[in-house]
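Just below is one structure, and these are the notes that go with it.
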Amino acid sequence: RNLSIDRPMSSSSSVAAPQPLVDHKDDTTRNDPLLLRAARGEDVERFPVWMMRQAGRHMQAYRNLLHKYPTFRERSEIPEASKAISLQPLERYGVDGVILFSDILTPLPAMGIDFDILESGRIHIEPIRNQDQLNHRLHRVSKEEFRVKCAFVGTVLKELRQQFSTTTTTSPNTTLLGFVGLPFTLATYLVEGETGVSTGFPNIHRLMKDDPKLVKSILSLLSDNIVQYACFQIESGAQVLQVFDSWAGHVNDEYYAEFCQPYQQRVIHGIHQHHPHVPVIIYIAPGPYSKRGRRLEALAQTGADIVSVDYTVDMALARALLSDNESIGLQGNLDPELLRKGPLNEIRRQTLALLKSLKGKRRCIINLGHGISPDTPEAHAKCFVETVQSYDVYS
Ligand SMILES: O=C(O)CCc1c2[nH]c(c1CC(=O)O)Cc1[nH]c(c(CC(=O)O)c1CCC(=O)O)Cc1[nH]c(c(CC(=O)O)c1CCC(=O)O)Cc1[nH]c(c(CCC(=O)O)c1CC(=O)O)C2
């Protein structure tokens, strides 16, 4: 891909005609919302901000809906509920990005894999651990089938996008984000039948060792499905896509090179092939092999436009680690534990330090270094967003 932002300016004319920063087919990009313009690498007036897991348990407005929609599947699959929840952080904090209220597991039932998220947060899936179970249970799904089977996702994205493009007088301010889980992380849920994080992912480790071919068949099919699902989200209205390989920091470098990175690349390449102008952000949660920036360079090589940095590495160091790749963007990375605990002046101080460490860099989005904790006071989240939004990049 060759977005013209990375192209050197023409020097053929001696008259210094103003050069467009981004040469899209038309000039509508300047009316696009801030976060989208930043994600494309355009020159922006300030850093945009949103928070991973911004909608959900930490918000009173979300908790108020629990009696009306008692299960997570209802909250994320009934369009009226999912739409209302997606909007809550915008209404409360005025974040620059709204992410669809959904989950990385949401497309699984369309692929033949049912799941439950219990009230405790526990996930239950009937596991897939052999070829026969794979053949019978995990189906190939086209974009058209996702459009039907995940119609609720299409409805919510369409309505949100419509709302964002008509509610402001001049130009829209809010960017709509979609998201997907990447193949390795989704495969851990299929193979473990639950989260592997508390048990050390024993079943997928055993399979990667004993039957790598089977694991690759799972990853391959998931890759194709996820590309279709991501394109369905984009065509329904998502303007930026975040891809999560949350648990890829729990496998060693050898397994990572074999079972994670090729499938990250395949998904991102597939999305960009169909939608070259939709920025993709990639994120891995901090794990034993990804902490303190260990996987940042690998993430920058996936074809993603922006690397989302976890909270275990200083943003200045992350920036330095990726300095060979000027065009790669950065997202992150305030520590969600600081956001939870406060106090407000410390949140403000560390947010300002984060902003300073990104000064002069393009394609940056301010976020947390991991999802917001469910017991974070809303006043803390508000302080974070306000601090970012009142920061003058030219000061
Ligand atoms: O431990 C596990 O493996 C399962 C974790 C789990 C998942 N969905 C889940 C749970 C239960 C829970 O959070 O208690 C179930 C889940 N998904 C979500 C929520 C809402 C909340 O956290 O309060 C919840 C809890 C719902 C509830 O109990 O009310 C929504 C969700 N998951 C996700 C997103 C995308 C985002 O982060 O912005 C979003 C949308 C957030 C929004 O609209 O603002 C992404 C997600 N879901 C999931 C993962 C895997 C890794 C991880 O959780 O850190 C990840 C990726 C990540 O955060 O790295 C799986």
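Values as computed for the structure displayed
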quantity	calculated
Backbone HN-Hα couplings from phi across the stretch 182-190 [Karplus 6.51/-1.76/1.60, Hz, Gly and Pro as x]	7, x, 4, 5, 5, 4, 4, 5, 5
Added length on full extension, which subtracts the Cα-Cα distance from 0.36 nm per residue, Glu194 to Thr71	42.6 nm
Prolate/oblate/rounded label for the stretch 31-96 (Cα gyration tensor, a/c 1.5)	prolate
Solvent exposure, largest accessible area first (probe 1.4 Å, DNA, RNA and ligands not counted), of Val227, Val197	Val197, Val227
Size of charge dipole - the chain - debye, nearest 20, with Cβ of Lys, Arg +1 and Asp, Glu -1, no other charges	360
The chain: angle of helix 212-236 to the longest principal axis, Cα-based, in degrees nearest 10	50
Residue-span extension gain [Glu254 to Arg122] - 0.36 nm each, minus C-alpha spacing	44.6 nm
R0 of 25 Å, Cβ-Cβ distance Glu80-Glu378: FRET efficiency to nearest 0.05	0.60
23 Å Cα-Cα threshold exceeded, pairs from Lys83/Lys149; Lys83/Lys291; Lys83/Lys341; Lys143/Lys209; Lys356/Lys382	Lys83/Lys291; Lys83/Lys341; Lys143/Lys209
Under 5 Å, built H, 5+ apart or other chain: amide partners of Gly329	Ile306, Val307
Only Lys, Arg (+1) and Asp, Glu (-1) charged, at Cβ; the stretch 249-307 dipole about Cα centre in debye	180
Cα gyration tensor, the stretch 201-296 - rounded (a/c under 1.5), prolate or oblate	oblate
Integer Hz, Karplus 6.51/-1.76/1.60 couplings in order for the stretch 148-161, x for Gly and Pro	7, 6, 10, 4, 4, 5, x, 4, 5, 4, 4, 5, 5, 5
Of all accessible heavy-atom area on the chain, the percent that carbon and sulfur account for (1.4 Å)	49
Helix-only [θ]222 nm of the chain, DSSP H runs n ≥ 4, -39500 (n - 2.57) each, per residue, nearest 500	-12000 deg cm²/dmol
Listed residues Pro343, Val141, Ile123: farthest to the positive end of the dipole of the chain (Cβ charges)	Pro343
For the chain, accessible area per residue (1.4 Å probe, heavy atoms of protein chains only), Å²	43
Förster radius 25 Å - calculated FRET efficiency between Leu317 and Asp43, Cβ distance, rounded to 0.05	0.50
Low-density loop cleavage sites - GluC sites (Glu not before Pro) in the stretch 250-339, where at most 12 other Cβ are within 10 Å (DSSP)	Glu326
Solvent exposure, largest accessible area first (probe 1.4 Å, DNA, RNA and ligands not counted), of Lys83, Lys68	Lys68, Lys83
Rounded to whole Hz, the Karplus (6.51, -1.76, 1.60) HN-Hα couplings of the stretch 50-67, x for glycine and proline	8, 10, 4, 6, 5, 9, x, 4, 6, 9, 4, 4, 5, 4, 5, 8, 4, 6
The chain pair-distance distribution - Cα-Cα, 20 Å bins, rounded %	28, 60, 11, 0
Segment Ser142-Asn64, extension gain: residue separation times 0.36 nm, minus the distance between their alpha carbons	24.5 nm
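The values are calculated or read from the model by the stated rules, or taken from the named source; none is laboratory data. Not measured: the values here are computed from a predicted model. Ideal geometry is used to build each Cβ from the backbone, glycine not excepted, and the neighbour counts take in all protein chains shown. Protein only, heavy atoms only, side chains kept; ligands, DNA and RNA dropped before computing areas. Shrake-Rupley method; radii C 1.70, N 1.55, O 1.52, S 1.80 Å.
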